[in-house]
1. It is to be established whether one or more residues within segment 321-334 are closer than 23 Å to Gln383 by Cα, under 27 Å from the mean Cα position of the chain (by Cα), modelled with pLDDT of 95 or more and acidic (Asp, Glu).
2. Take the conditions surrounded by fewer than 18 Cβ atoms within 10 Å (Cβ to Cβ) and not in a loop (DSSP other than H, G, I, E, B) and apply them to Ala327. Does it pass?
3. It is to be established whether one or more residues within segment 348-359 are surrounded by 17 or more Cβ atoms within 10 Å (Cβ to Cβ) and not in a strand (DSSP E or B).
4. Scan segment 129-151 and report the pairs whose first residue is farther than 17 Å from Met329 by Cβ and whose second residue is at pLDDT 90 or above and in a loop (DSSP other than H, G, I, E, B), with Cβ atoms within less than 8 Å and a gap of 6+ or a chain change.
5. If you check Ala237, Ala193, which single one turns out to be modelled with pLDDT of 85 or more, small (Gly, Ala, Ser) and closer than 24 Å to Thr388 by Cα?
6. Output the number of residues of segment 165-188 satisfying the condition of being surrounded by fewer than 11 Cβ atoms within 10 Å (Cβ to Cβ) and farther than 25 Å from Ser376 by Cα.
7. Would you mention how many residues in segment 254-299 are in a loop (DSSP other than H, G, I, E, B) and more than 21 Å from Ala396 (Cβ to Cβ)?
8. Being exposed (fewer than 14 other Cβ atoms within 10 Å of the Cβ) and not in a strand (DSSP E or B) is true for just one of Gln362, Gln383. Which residue is that?
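The values are calculated or read from the model by the stated rules, or taken from the named source; none is laboratory data. Just so it is clear, the model here is predicted, and its values are computed rather than measured. Counting neighbours? That spans all protein chains shown, and the Cβs are built from the backbone with ideal geometry, glycine included.
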Amino acid sequence: MENLTPEQVVEKINGLFTEKMANVPTNEEVNGLKKEVDALKSLTEKSAEIEKAIAKFEGRIEAMSEKAIETREVAPRTIGQAVRKSLKDNHKAIVSAMEKGETINLDVKTDTTITGDYTGDVALSVLDPIVDRIKRPIRRVQEIANVGTTTSKYVVYIQQTTASTSSFIAEAGSKAQGQVQYQEVSVEVKKVAATLKVSKEMLTDLSFMQSEVNYDLMESVEQSIDNALLNGNGVGANLDGVINQSTAWSAGSFAGTITNANVSDVIRVGKAQIESANFTPTHVILNPEDVAKIQLTKTTQGEYTYPIFMDAMGGMTLSGMIVVSSANMTADNFVIGDFSRFNVRYREALNMSIGYVNDDFQRNMVTILCEARLVSYIKANDQAGFVTGDFTTAIAAL
């Protein structure tokens with residue numbers, strides 16, 4: 001494979017699949033696709049997205065293999081050619097019939113194209129191996145968080161509770177005496193999991209089903225993680241999400257001073273609140289509807305105050321912060337912060353296992369499990385670097 005990034009390799013192979021599925025593939029074409037996927041599997045560093053792409057490609061190859069045909073060349077046959085061939089094949093019968101003054105029916109066959117709908121159990125269909133899945137929200141939070149690993153059930157960090165002080169003094173004056181204090185804080189790893197029961201016949205008879213089930217389970221767990229990283233309340237087995245650990249938005253000295261306040265004004269005041277606490281916010285997470293409200297805001301003359309064409313590479317910035325659009329964020333709500341200080345630590349990366357549960361063996365079923373263990377936290381002294389609130393209340397305050 002040429003010198004491409006893993007993402008470009010995935011895109012290239014996906015294009016090859018689309019091209020080959022335009023017609024019934026040959027065995028030679030299927031083998032070529034297998035080589036392309038094997039090259040992708042040989043990459044030394046593979047992200048979770050690439051692992052899922054490999055699983056999807058392998059499932060599609062299995063489905064294509066069942067429909068693949070042997071490569072062969074078939075000469076085109078017109079009606080005239082078919083008649084000549086029939087005359088040649090039935091030459092003796094024709095001569096005999098002519099001598100006796102009889103007629104003979106010739107069986108002339110040509111290639112036929114079937115068009116229109118059909119009914120009944122007729123093997124005329126070709127399986128499209130790309131499953132029409134239920135759409136899930138695009139995962140956003142983990143992409144901007146400080147993600148790492150841990151080897152313990154608890155993550156422990158040291159928090160400073162009292163800072164030292166200093167002051168200017170006169171010559172020979174007494175120096176200020178201060179002290180620093182610290183305390184140990186621990187946060188517990190939580191587990192997220194999903195299971196699915198599937199018949200062994202389904203996994204055997206539908207060649208793509210195993211990879212499809214695996215993909216769907218992983219998507220389900222990853223969606224739960226992304227939602228919890230944003231909205232988790234930290235109670236019981238739940239992750240403590242960034243909103244739950246953020247400081248409440250405050251209008252401060254801007255209260256009642258901004259004419260025709262809007263969504264953008266709220267975000268800018270929130271940034272000022274964070275900067276006043278000595279942090280530099282990097283991102284703001286909004287619901288897609290609220291992103292649209294910002295982009296569609298106009299002056300009384302109908303001019304856009306934030307032109308849509310200012311978006312770059314599919315994203316946008318506001319007051320120097322990257323705007324993240326997430327369907328997991330409740331409409332009319334927001335969170336702004338320095339997301340390098342939002343920590344996510346994995347005890348167990350996303351993993352899958354399969355086995356028998358209860359009467360699975362008797363019923364010829366299997367249970368597939370997908371799970372992960374992780375923890376999310378913002379250190380107490382960093383929580384002022386995040387603010388959250390709702391636009392309706394905040395706009396009224398301005």
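1. yes
2. no
3. no
4. Between residues of segment 129-151 that are farther than 17 Å from Met329 by Cβ and residues that are at pLDDT 90 or above and in a loop (DSSP other than H, G, I, E, B), the close pairs are Asn146/Phe342.
5. Working: Ala193 fails: closer than 24 Å to Thr388 by Cα.
Going through Ala237, Ala193 in turn, the sole match is Ala237.
6. Counting residues in segment 165-188 that are surrounded by fewer than 11 Cβ atoms within 10 Å (Cβ to Cβ) and farther than 25 Å from Ser376 by Cα gives 14.
7. 7
8. Step by step, each of Gln362, Gln383 is checked, and only Gln362 is exposed (fewer than 14 other Cβ atoms within 10 Å of the Cβ) and not in a strand (DSSP E or B).
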